[in-house]
Amino acid sequence: MLVIKNLKANVEGKEILKGINLEIKAGEVHAIMGPNGSGKSTLANVLAGNGGYEVTEGEIYFEGKDLVELAPEDRAREGVFLAFQYPIEIPGISNATFLKTALNEVRKYNGQPEATPKEFMELLREKSGVLGMDPQFISRSVNVGFSGGEKKRNEILQMLMLQPKLALLDETDSGLDIDALKIVSSGVNVFKNKDNAVLLVTHYQRLLNYIVPDFVHVLSKGRIIKSGGKELALELEEKGYDWIKNDELIEENV
Amino acid sequence: MGNDLLNMIELRDFNLPTTKNEDWKYTNVAPIMKYNYVLGTSLGNEDHLSSVLDEYFFQDFDYYKVVFINGIFAGKLSDLTGLESGIIVDSLSNFQKNNSELLSKHLNKYSAIDNGFNELNNSLSSDGLVVYVPKGKVVDKPIQVLYFNGDKTENVLSVPKNLIIAEENSQVSIIANYHGIKGKEYLTNVVTEVYAGKNSIVDLYKIQLEEENSFHIEKVQAYQESNSLFNHYNFTFGGSITRNDINTCLNDENIESHFYGLYLAHKNQHVDNHTFVDHAMPNCMSNELYKGILDGESRGVFNGKILVRRDAQKTNAYQSNKAVLLSKSAVIDTKPQLEIFADDVKCSHGAAVGQLDEDSEFYIKSRGIPQDIAKSMLIRAFAADVIEKIKIDELREQINHLVFEHLNRVEVKNN
């Protein structure tokens, strides 16, 4: 589904990603972990096509298509979804308008008919039910006056409505209490199936108790320095990132 | 309209302000003076206009209907059926005949002649809107006033003089809706006086949708008694040069005033808003929120003056003005002006100018929404906090529609 080769990217002229290699197949859940400033969020933003990040080298192929060449809206329509670390507030635009516009744009691009108002409402009722959201939220402006937890929940709702092939979750666990974390995780677990994939970007192991990854990668200074199964996350939790960094130093010194 | 030479106005006879005048520094009125104007007069037979003008009214809510053609009251086109007795909505000339005592008590009592445009209005105006709401009365529906200006063959000058009198414990909502005819350049030069008596509530909406080759000048001067509330909502879409002076004098205690403004400009439009809140007495509150959306080669000017006089202790005065520039050539000049002579006050002002936020645009696009709709959503978002202040529900979405129509951008609606 996703193939990243030697990806290098700059933010404001500074190189943050220094050669990422990663492959994600359908049905897989990957977690990218790493200390602050390691480039985790940069990777998620580069994949979604944030204009503030410049790809300087390497390749990103999504379902065989060169992602770097695609505008962010086209990436979304192809099936890439980024759940933001800091979701944006859009006063004056209701959640209903926002979701309906997004859903129909994605459908149009993929040659599907637009959702009728009835279809849309049924879909919305089903998906917001999974996340235990008050149906009243639909007439409120996007994220305006939402608590941190509500905003993250709204990101997951958008994901469930759009049904992307690849979901990138950027620090979706940050700022969530345990109850909100459980709800958000259950949304992701409802979403994942053998045809789609999830990339979790997180600082903490906590989220991985609820969304169990198939692969864990450790990002440090713009490179993946270690990959493993879910047990790697537990090891990181126990020993901290320094353990790997020391490991890495040893490897480099050899 | 006949070309009556006696009606030809020589603007040079009036001492119109120049850019040397500090209050007109950014607004050059020379383009207005390029034309010779005839004074708007009654059309005589206006019946045929009735169906034509209907489309200019904001719809989907009940209102009392008033029409002015080139500044002159068009009684036959107006509909005040059902207005409670005692409340008067009429032309200035009729009011003068029937209620001269009341008129002389209020007319020209609040607005001083500050510049040549006021003088022009004062010496030439023969008509305008009068709304009189006696003590304790509430006008049950908004009064929607269409000012329809201009002419196909003549440069017309319209000089309506409006007077709103809301006595003690009364309440009224007025929508002043300015439109014009596609034709020759024209000048609309208005003076509006508002008297808000004790404990009264006056909502005054102004929606300026004049033609692109027109000039529009208005001065609003409010005078508020104790415990009164005056809300002014100012939406500018049309006109080649627009200048609004919105002033209120808070001359007793516990008065509240709100000034909301949204102005849009594109091409070569020039929009200048000057506001002045005069806090003369203690325990009053004023709040101002102005936003501008500027595209093309347009230019915006905002000057917000707040004066807190020595006696005006415990004043709360807030002002915020923001502008978003949609093009590289658009310009905004903004100046907050706080003069505070009392020591126990809370005053704040903020100004911000910028482009549409790129992070927000990325967020919207990352959901599959194309760039043009993403920008429209951000435009709506920017204007939202002003538009949300409109108390008439049905008017809100119609104003939003005008925002996109005027900027020639894809419309985003909530449904």
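Of note:
- Within the set B:Lys184, B:Lys137, the sole residue that is closer than 30 Å to B:Cys284 by Cβ and basic (Lys, Arg) turns out to be B:Lys137.
- Residue check for A:Gly58: part of a strand (DSSP E or B), without any contact (Cβ under 8 Å) to a residue 60 or more places away in the chain and more than 23 Å from A:Leu160 (Cα to Cα): yes
- Total residues in region B:358-370, condition more than 7 Å from chain A (Cβ to nearest Cβ) and farther than 21 Å from A:Lys152 by Cα: 0
- Members of region B:125-134 found to be surrounded by fewer than 19 Cβ atoms within 10 Å (Cβ to Cβ) and either among the hydrophobic types (A, V, I, L, M, F, W, C) or touching an Asp or Glu at 6+ places or on another chain (Cβ under 6 Å) (or both), listed by number: B:Pro134
- Candidates A:Ile211, A:Ile224: the one that is more than 17 Å from A:Met159 (Cβ to Cβ), surrounded by 16 or more Cβ atoms within 10 Å (Cβ to Cβ), touching a strand residue (DSSP E or B) at 6+ places or on another chain (Cβ under 8 Å) and β-branched (Val, Ile, Thr) is A:Ile224.
- Some residue of region A:129-145 being closer than 19 Å to A:Glu171 by Cβ, surrounded by 16 or more Cβ atoms within 10 Å (Cβ to Cβ), more than 8 Å from chain B (Cβ to nearest Cβ) and not aliphatic (A, V, I, L, M): yes
- Of note, B:Val345 does not satisfy the criterion of being crowded, with 17+ Cβ neighbours inside 10 Å and closer than 17 Å to B:Asn321 by Cβ.
- Checking B:Asn36, B:Asn99, B:Asn21 one by one, the residue that is under 24 Å from the mean Cα position of the chain (by Cα) and surrounded by 12 or more Cβ atoms within 10 Å (Cβ to Cβ) is B:Asn21 and no other.
- For region A:75-99, filtering for residues that are under 17 Å from B:Glu361 (Cα atoms), more than 8 Å from chain B (Cβ to nearest Cβ) and part of a helix (DSSP H, G or I) leaves 2.
- Meets criteria (of a type outside the set (Asp, Glu), modelled with pLDDT of 95 or more and out of contact with any helix residue (DSSP H, G or I) (no Cβ under 7 Å at 6 or more places or on another chain)) for B:Ile143: yes
- Here the condition is being of a type in the set (A, V, I, L, M, F, W, C) and closer than 26 Å to B:Lys206 by Cα; of B:Val324, B:Val308, it holds for B:Val324 alone.
- Enumeration of residues in region B:114-167 that are part of a loop (DSSP other than H, G, I, E, B) and either aromatic (Phe, Trp, Tyr) or on the phi > 0 side of the Ramachandran plot (or both): B:Gly128, B:Gly136, B:Gly150
- Condition met for B:Asp272 (of a type in the set (D, E, K, R), over 14 Å from the mean Cα position of the chain (by Cα) and modelled with pLDDT of 95 or more): no
- Residue list for region A:100-122, restricted to those being among the aliphatic types (A, V, I, L, M) and either in a strand (DSSP E or B) or surrounded by fewer than 17 Cβ atoms within 10 Å (Cβ to Cβ) (or both): A:Met121
- Criterion violated by A:Glu171 - all others in (1) at negative phi; (2) in contact (Cβ under 8 Å) with a residue 12 or more places away in the chain satisfied: (1)
- Filter pass, A:Val80 being within 16 Å of the chain's Cα centre (by Cα), crowded, with 24+ Cβ neighbours inside 10 Å and closer than 17 Å to A:Lys18 by Cα: no
- Qualifying residue in region A:31-41 (condition: in a helix (DSSP H, G or I) and surrounded by 17 or more Cβ atoms within 10 Å (Cβ to Cβ)): yes
- Residue in region A:203-210 that is modelled with pLDDT under 90, under 14 Å from the mean Cα position of the chain (by Cα) and under 25 Å from A:Val46 (Cα atoms) present: yes
- Checking each residue in region B:199-219 for being touching a Leu at 6+ places or on another chain (Cβ under 9 Å) and either crowded, with 23+ Cβ neighbours inside 10 Å or not in a loop (DSSP other than H, G, I, E, B) (or both) picks out B:Ser200, B:Ile201, B:Val202, B:Asp203, B:Tyr205, B:Ile207, B:Leu209, B:Ser214, B:Phe215, B:His216, B:Ile217.
- The single condition from (1) facing chain A (nearest Cβ under 9 Å); (2) under 30 Å from A:Ala71 (Cα atoms); (3) assigned to a helix (DSSP H, G or I) that B:Asp385 fails is (2).
- Test: residue in region B:67-90 that is part of a helix (DSSP H, G or I), more than 21 Å from the chain's Cα centre (by Cα), at pLDDT 95 or above and of a type in the set (A, V, I, L, M, F, W, C): no
- Total residues in region A:43-53, condition touching a residue at least 40 places away in the same chain (Cβ under 8 Å) and within 14 Å of another protein chain (Cβ to nearest Cβ): 6
- Filter result for A:Leu17 (under 13 Å from the mean Cα position of the chain (by Cα), surrounded by 24 or more Cβ atoms within 10 Å (Cβ to Cβ) and part of a strand (DSSP E or B)): no
- Whether a residue is of a type in the set (S, T, N, Q), surrounded by 19 or more Cβ atoms within 10 Å (Cβ to Cβ) and within 14 Å of chain B (Cβ to nearest Cβ) was assessed, and A:Asn154 passes this test.
- Condition met for B:Ser111 (outside any helix (DSSP H, G or I) and either in contact with a Ser or Thr (Cβ under 7 Å, 6 or more places away or on another chain) or surrounded by 14 or more Cβ atoms within 10 Å (Cβ to Cβ) (or both)): yes
- Of the set (1) out of contact with any strand residue (DSSP E or B) (no Cβ under 7 Å at 6 or more places or on another chain); (2) at pLDDT below 95, all apply to B:Phe61 but (2).
- Residue in region B:362-370 that is free of Cβ contacts under 8 Å to residues at least 24 places away in the same chain and among the aliphatic types (A, V, I, L, M) present: yes
- Subset tally (residues that are assigned to a helix (DSSP H, G or I) and away from every other protein chain (no Cβ under 14 Å)) for region A:61-74: 2
The values are calculated or read from the model by the stated rules, or taken from the named source; none is laboratory data. As the structure is a computational prediction, the values presented were derived from the model and not from experiment. Glycine gets a Cβ as well: all are built from the backbone with ideal geometry, and neighbour counts include every protein chain shown.
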